[in-house]
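Reading through the structure tokens given below for one structure.
The values are calculated or read from the model by the stated rules, or taken from the named source; none is laboratory data. All of these numbers come straight from a predicted model, not from anything done at the bench. In this analysis, Cβ positions are derived from the backbone assuming ideal geometry, glycine residues included, and neighbour counts consider all displayed protein chains. For the accessible areas, the whole protein counts, side chains as well, though only heavy atoms, and no ligand, DNA or RNA atoms are used. Shrake-Rupley method; radii C 1.70, N 1.55, O 1.52, S 1.80 Å.
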Amino acid sequence: MSSLCEHLTKIFETVFEQLELPRANAKINVSKQGQNCQFQCNGAMASAKIARKKPHDVAKDIIDQVKKNTLNKDIFKEISIGGPGFINITLNDSFIENHIKEISNDKKYGIKESGEGQNIVLDYGGPNIAKAMHVGHLRSSIIGDALRRIYKYAGYNTISDIHMGDWGTPMGMILSELELMGFDGEITMDMLAEIYPKAAAACKEDEKRLALAREATRKLQEGDPTYTQTWKKFIDVSIEGIKKNFDALGVHFDEWKGESDAHPYITDMINDLKRRNLAIESDGALIMPVSKEDDKKEIPPLILLKSDGAVLYSTTDMATIIDRIKTYNPSKIIYIVDQRQHLHFEQVFRAVHIAGIAPKDKVDLVFAGFGTMNGSDGKPFKTRAGGVMRLSDLISMAKEKATLRLNEAALAKDMDELERKNVAHKVAIAALKFADLRNDRVTDYIFDIDRMTSFEGKTGPYLLYQAVRIQSLLRKAGIENQIEINSLKIDDIDRDIALLLSEFPDHFNNAINQNSPHILCDYAYRLAQEFSSFYGNCHILSEPDKKIKTSRLALCQQSHKQLCLILELLGIEIPDRM
RNA sequence: GCGCCCUUAGCUCAACUGGAUAGAGCACCUGCCUUCUAAGCAGGGGGUUACAGGUUCGAUUCCUGUAGGGCGUGCCA
């Protein structure tokens, strides 16, 4: 099973080989030409030099060769040359129908289970203990969770790990702050929310205060019993708050590990690196050089131990890889983290390669960095008050707006309180998630609260709305089970949406290959739009011709299934009605 | 200083990895709710893809340079 493009590409590859043209040039794309044709092959022009012919003549040879094969007769309605040598392709409706039928009957919609038998670790979320989760945490968790779902769909055994920041200097800041306060009671979340920023600010201002925090960090890492006890307490409190946020977002983690879970591996790892002279002392710190000769700029060494003996995130990230390989034996580890950490991960990846901890041919380490969420001034996002907006505040704001919008709708009149709340929540989360996911992963983007919580146009709620509308239509038609897809008969009104449905495998593959959910967002939006147009163009339920009606309902059902599937892959839940 | 990334419509973003006339949403303008949910549909205006060169049959995409912006650059994460 594959997409129409893949199918056609195979046919053309055979032809290219027969004509001794480069096989790679045979690729078929969906045409952007609109009415003129459906697909196109641009390979004739690219092959012209090798063939020592005019592009136009090469195209003609290709078309003749395709037509020669009688098997292709039923497939192509028209193949012609356009412009300097574009090969324009229009398919017979029956062939498109058959393809839709095949895809629909395939339990994976034409997606190959390429990840079968492979474990993959996804590292995202990365909240810091004691720091309130802010909008910046959205990107990592939402993109990461979408990728988890996408990989899972491709057959991988996915393990998502939240990898909390629970072992660095911020821990020492809190511990030392509690000590200075002489505090010894029950720690609450509200307290933590106050203590950490206070301690962090104090450390920033005062070297001596920072030294205290560092000292506390070191002692914690050495296993000081009092510190460990206190630390465990506020970790638990903090996790509770983190869980609430992720539950609201519908973001799932298989593992709730943190930097501290790498601790048991660190001593052995460091001793081993020292023994093999891979780690050396420099300025009182223990470092590991990772630069290569052909580096454009010398990559600074990785610091394993600070001069005070404490570890930092380079160390824990390395040790975490040891843990992950030992525990899950993954073929791939994907880090969904801020682009700004690029150099850091470059260092860590090099270090584990050099040390033989993660051989390149055994585990693929992937840095899937994402761009920063900026404010309208182009700088990392801050609220008007100067702080960062809390994630929970953002969610409440979106929910409030969704409730208002819902109450305006006549539909809400016969909804009880519970359903209203439920719908508002789903709409709000859909808006937030889609607003984030629709942007290309790597580029920075501007955070705008109004746009993020808007429900019209290219938004999550628009997608929900279309899905809900189809669902309602199917309900009214009295359809409970799958319609016999064999009843599909394409005509001018529904050809476009049928063609679009056939593209799904292509977009899925692009999304997974590039770790880019936004590709699926774009496709889902186009599908929803195409459906909406189809829906507006013809009235389905009142269609007198029974065959046409059944065929269109089948198409509705397929559109619905695909839309639901993609929304699920993006981690967006659909209400029953809205 | 050096390295990485970015610059596309008034604003926010795409462009299937080099293809034909660069697409969407918002905002603006014009229509459409007495038949399936108007959170919708149909249509309109809006572009020297920052600039200058180069490679190519063909460049938003690749290369070089210039300007502007962001980030990173040994003891934060």
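Would you mind calculating the gained length between A:Glu480 and A:Lys68 on full extension (0.36 nm times residue separation, minus the Cα-Cα distance), in nm to one decimal? Mind dumping the intermediate values first?
Values: separation 412, 0.36 × 412 = 148.32 nm, distance 4.56 nm.
Contour length minus Cα-Cα distance gives 143.8 nm.
Which percent of Cα pairs goes in each bin when the distances of segment A:487-558 are cut into 5 angstrom slices starting at zero?
3, 16, 25, 20, 14, 10, 7, 3, 1, 0
According to a simple spin-label model (label point 7 Å from Cα along Cα-to-Cβ), what is the distance in nm between A:Met397 and A:Glu102?
In this crude label model, A:Glu102 to A:Met397 measures out at 4.9 nm.
Of the accessible area of segment A:294-401, with the probe set at 1.4 angstrom, what percent is carbon plus sulfur?
52
Can you pull the accessible area of A:Leu499 for me, 1.4 Å probe, Å² to the nearest 10?
Its accessible surface works out to 20 Å², give or take rounding.
What translational diffusion coefficient, in µm²/s and rounded to a whole number, does the Stokes-Einstein relation yield for chain A at 20 °C and a viscosity of 1.002 mPa s, taking the hydrodynamic radius as the Kirkwood radius over Cα pairs?
Once the numbers are plugged in, D ends up at 79 µm²/s.
Rg over Rh of segment A:391-570, using C-alpha atoms and the Kirkwood radius, what does it come to?
1.00
Highest first, please rank the peptides A:123-131, A:87-95, A:475-483, A:27-35 by the mean number of other Cβ atoms sitting within 10 Å of their residues.
Details: A:123-131: 23.7, A:87-95: 18.9, A:475-483: 11.9, A:27-35: 14.2.
Put in order of decreasing packing, that is A:123-131, A:87-95, A:27-35, A:475-483.
Give me P(r) over segment A:235-379, computed from all C-alpha to C-alpha distances, binned every 5 Å, as integer percentages.
In whole percents, the pair-distance histogram is 2, 8, 15, 19, 19, 15, 11, 7, 3, 1, 0.
With unit charges on the beta carbons (Lys and Arg positive, Asp and Glu negative) and the dipole taken about the Cα centre of chain A, which residue among A:Ile357, A:Leu305, A:Leu192 sits farthest to the positive side?
The residue sitting most towards the positive pole is A:Ile357.
Let me know the charge dipole size of chain A about its Cα centre in debye, to the nearest 20, where only the beta-carbon of Lys, Arg (+1) and Asp, Glu (-1) is charged.
Charge dipole of chain A: 1380 debye, to the nearest 20.
Structure shown: which of A:Lys10/A:Lys112; A:Lys27/A:Lys433; A:Lys152/A:Lys561; A:Lys243/A:Lys433; A:Lys274/A:Lys326; A:Lys108/A:Lys458 lie over 25 Å apart, alpha-carbon to alpha-carbon?
Too far apart for the 25 Å limit: A:Lys27/A:Lys433; A:Lys108/A:Lys458.
Length gain on complete extension for the stretch A:Arg495 to A:Leu278, per 0.36 nm per residue less the alpha carbon to alpha carbon distance?
71.8 nm
Excluding A:Ile470 itself, calculate the net charge of residues whose Cβ lies under 14 Å from the Cβ of A:Ile470, where each Lys or Arg counts +1 and each Asp or Glu counts -1. Present the calculation step by step, with values, prior to reporting the outcome.
Working: positive: A:Arg469, A:Arg475, A:Lys476, A:Arg552, A:Lys561, A:Arg577; negative: A:Asp494, A:Glu530, A:Asp576.
Net of charged neighbours comes to +3.
What is the sum of charges around A:Thr267, taking Lys and Arg as +1, Asp and Glu as -1, for the other residues whose C-beta is under 13 Å from the C-beta of A:Thr267?
-1
How much of the DSSP beta bridge set in chain A is antiparallel, as a percent to the nearest 5?
Once the DSSP bridges in chain A are tallied, antiparallel ones form about 50 percent.
On average over all directions, what projected area in square nanometres does segment A:89-212 have, based on the convex hull of its Cα atoms?
It is 13.7 nm².
Under 12 Å from the Cβ of A:Gln18, count the other residues' Cβ atoms, weight Lys and Arg +1, Asp and Glu -1, and hand me the total.
On the way: positive: A:Arg23, A:Lys68; negative: A:Glu13, A:Glu17, A:Glu20, A:Asp61, A:Asp64.
Net charge in that neighbourhood comes out at -3.
Hey, if you drop one equal point scatterer on each alpha-carbon of segment A:47-96 and run the Debye formula without solvent, what base-10 log of I(q)/I(0) do you get at q = 0.20 Å⁻¹?
After summing over all Cα pairs, the log10 values are -0.69.
For segment A:318-438, give the magnitude of the charge dipole about the Cα centre (Cβ charges: +1 Lys/Arg, -1 Asp/Glu; no others), in debye to the nearest 20.
Its charge dipole is roughly 220 debye.
For segment A:276-341, what is the charge dipole size about the Cα centre, in debye to the nearest 20, if Lys and Arg each add +1 at the Cβ and Asp and Glu each add -1 at the Cβ?
320
Straight-line reach only, C-alpha to C-alpha below 14 angstrom: list the aspartates and glutamates that A:Lys244 could link to, leaving out same-chain residues fewer than 8 apart.
Within the straight-line cut-off, A:Lys244 pairs with A:Asp236, A:Asp393.
Tell me, how many Å apart are the Cα centres for segment A:107-175 and for segment A:490-507?
Distance between centres, Cα-based: 33 Å.
Please report the spacing between the Cα centers of segment A:39-94 and segment A:194-240 in Å, no decimals.
Centre-to-centre distance over Cα atoms comes out at 69 Å.
With the crude spin-label approximation of a point 7 Å out along Cα→Cβ, what separation in nm comes out for A:Asn537 versus A:Lys244?
Result: 5.0 nm between the two label points.
Please compute, over every Cα-Cα pair in segment A:317-472, the percentage with a separation greater than 29 angstrom.
Cα-Cα pairs in segment A:317-472 separated by more than 29 Å: 42 percent.
Equivalent ellipsoid semi-axes for segment A:448-535, as square roots of 5 times the alpha carbon gyration tensor eigenvalues: give them largest first, rounded to whole Å. Write down the numbers at each step before the final one.
Values: eigenvalues 128, 73, 30 Å².
Each semi-axis is the square root of five times an eigenvalue, giving 25, 19, 12 Å.
Can you work out the base-10 log of I(q)/I(0) for segment A:169-249 at q = 0.15, 0.16, 0.17, 0.21 1/Å, using the Debye formula on its C-alpha atoms alone?
After summing over all Cα pairs, the log10 values are -0.53, -0.59, -0.66, -0.95.
Given points 7 Å out from each Cα along the Cα-Cβ axis, report the A:Lys326 to A:Asn407 separation in nanometres with one decimal.
Roughly 5.6 nm, to one decimal.
With every protein chain present, what is the per residue accessible area of chain A (1.4 Å probe, Å²)?
48
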